[in-house]
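Each remark here refers to the structure printed beneath this line.
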Ligand code: DGP
Ligand code: NA
Ligand code: NA
């Protein structure tokens, strides 16, 4: 019998703004590649697409848009990349994703009068991550990090709501990690989880949200 190619894992990093996701996702890809494990990084929002460019104008406060319309744009931005995500995973590449549907739900539902269930709707059917690592950092630390306050959602009150909303996702493939650890120690801890996950899902089908 011929051996079928093993799939890559879909790994997501989540957290409040300036929690270190971007740094850690780059470091993880580098560490995996050093181990000869094929891996690539994806970031959401992907500001390089046509929809991403509207999102960028919104986040940089160049334009205003109704909350529900923005929510659907962020989701559409993920759907834009859905075929590519499936293709890469099937080709055996592990994807390290800097923010995903969880950001979509926690950020929008932190706004007034937008229902959590409504927020989940447009994410239904997207590839389901094999592992979500929530980088937890006290908001008091976040506001001290460089650049905080530049973009639309970067204020203490909003980030506190976002942080609380993330608590709603405590399931088996959603783990909380202390993001206040030393950068290289944190990478090592995350890497351990990622390598374990790659091995445990390699013969499983990629699920849907
Ligand atoms: P980042 O490039 O990771 O700093 O993300 C930009 C900002 O957009 C950040 O404040 C988080 C927020 N964000 C990310 N994804 C979504 C989403 O799907 N919906 C909403 N409303 N906000 C999001
Ligand atoms: Na940000
Ligand atoms: Na980022």
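The values are calculated or read from the model by the stated rules, or taken from the named source; none is laboratory data. Everything numeric in this text was worked out from a predicted model, so none of it was measured. Reconstructed Cβ throughout: ideal geometry from the backbone, glycine too, with neighbour counts over all protein chains shown.
Here are a few things to note about the model shown:
- Residue in the stretch 17-29 that is over 12 Å from the mean Cα position of the chain (by Cα), within 10 Å of ligand 1 (Cβ to nearest atom), in a helix (DSSP H, G or I) and surrounded by fewer than 19 Cβ atoms within 10 Å (Cβ to Cβ) present: no
- Search result, residues across the stretch 35-53 that are out of contact with any strand residue (DSSP E or B) (no Cβ under 9 Å at 6 or more places or on another chain) and either in contact (Cβ under 8 Å) with a residue 24 or more places away in the chain or at positive phi (or both): 35, 36, 45, 46, 49, 51, 52
- Looking at 182, 207, just one residue is out of contact with any helix residue (DSSP H, G or I) (no Cβ under 6 Å at 6 or more places or on another chain), more than 16 Å from ligand 2 (Cβ to nearest atom) and without any contact (Cβ under 8 Å) to a residue 40 or more places away in the chain, and that residue is 182.
- Enumerated helices (runs of 4 or more DSSP H) restricted to the stretch 94-206, each holding at least 2 residues that are more than 27 Å from residue 32 (Cβ to Cβ): 101-109, 116-120, 139-142, 156-166
One line per residue, one yes/no per condition, for (1) touching a strand residue (DSSP E or B) at 6+ places or on another chain (Cβ under 6 Å); (2) modelled with pLDDT of 95 or more:
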{"position": "75", "(1), (2)": "no, yes"}
{"position": "80", "(1), (2)": "no, yes"}
{"position": "83", "(1), (2)": "no, yes"}
{"position": "102", "(1), (2)": "yes, yes"}
{"position": "107", "(1), (2)": "no, yes"}
{"position": "112", "(1), (2)": "no, no"}
{"position": "141", "(1), (2)": "no, no"}
{"position": "147", "(1), (2)": "no, no"}
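- Residues being within 11 Å of ligand 1 (Cβ to nearest atom) and either exposed (fewer than 14 other Cβ atoms within 10 Å of the Cβ) or over 17 Å from residue 180 (Cβ atoms) (or both) - total across the stretch 127-148: 1
- Of all residues in the stretch 148-173, those that are more than 17 Å from residue 104 (Cα to Cα) and away from ligand 3 (no atom under 15 Å from the Cβ) have Cβ atoms under 8 Å from Cβ atoms of residues that are modelled with pLDDT of 95 or more and not in a loop (DSSP other than H, G, I, E, B), 6 or more apart or on another chain, in 173/131; 173/132.
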